[in-house]
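Input: a single structure, listed below in structure tokens.
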Amino acid sequence: NAAPADTHAHFLLEQGKNMVGRGFVNGNYKNHGHVIGEGLAPSQRIVFESGWTVTGKGTFEYVGFKGTFAPGDSPTITSTTHAWYAAATVQVELGGTTPGSGNDNHDQINDTATVWLDHAEPPTLEILPWSNFVPEIGDEFVILTWQTSLDGSFGDVIVDPWFINHGIDFEPHYNNVDGAGNLTIEATPEPATLTLLALGGLALVRRRNRRELK
């Protein structure tokens, strides 16, 4: 447990170190090592509680996120196994069209098994800019992958004003939820930037299906 008034990192798991077991973590947490729970049941997981932020480049196995999960210290590729998200906010930074570490990349979370997005308390996906990146309409970003299946969907998608002010919105596509698949977000026109003309030209398009399944 940590003091709620302290907004700095409370806990640091160093590279090469493990945290193993079950229970609840209250405090901002930076993981550069390996966080390993004991099993799939909520009581067997290491659960990062609501109100706190989890960052870092380490791996997560049999964990639950109830607060904010912001992978890396900047865009990076993060590995999880059987991750569970309940009433959480997953922040994804876009600095380029390729996943990886560095200013020209974007975040990607790769799960080696099943991703669980809680049905009763679905998490929120928040899309953030990195290094003043502005995508082109039609650009696609694979931000989440799974090897076994995806159970559930994000309840809401929040797009940072930086993108909106540049005429960019995002549409999520869930691809192959019953096997090895991914969640891709596609850059689409922000509706306020389009004008509906009576005699042709531009058509106002608004695609708001946040849970489209392919």
*In the stretch 51-106, what count of residues is obtained for those that are open to solvent by 30 Å² or more (accessible area, probe 1.4 Å), in contact with a His (Cβ under 7 Å, 6 or more places away or on another chain) and either closer than 17 Å to L125 by Cβ or of a type in the set (K, R) (or both)?*
3
_Go through the stretch 119-138 and report how many residues are buried (at least 18 other Cβ atoms within 10 Å of the Cβ) and more than 14 Å from the chain's Cα centre (by Cα)._
3
*Collect the residues in the stretch 24-50 that are part of a strand (DSSP E or B) and surrounded by fewer than 12 Cβ atoms within 10 Å (Cβ to Cβ), keeping them in residue-number order.*
none
*Need at least 2 residues that are touching an Asp or Glu at 6+ places or on another chain (Cβ under 8 Å) and in contact (Cβ under 8 Å) with a residue 24 or more places away in the chain per element, so show me which strands (runs of 3 or more DSSP E) inside the stretch 59-111 make the cut, counting only ones lying wholly within it.*
77-81, 89-94
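The values are calculated or read from the model by the stated rules, or taken from the named source; none is laboratory data. Computed from a predicted model, the values in this text were never measured in an experiment. Every residue, glycine among them, receives a Cβ derived from its backbone with ideal geometry; neighbour counts consider all protein chains shown. Accessible surface areas use protein heavy atoms only, side chains included; no ligands, DNA or RNA. Shrake-Rupley method; radii C 1.70, N 1.55, O 1.52, S 1.80 Å.
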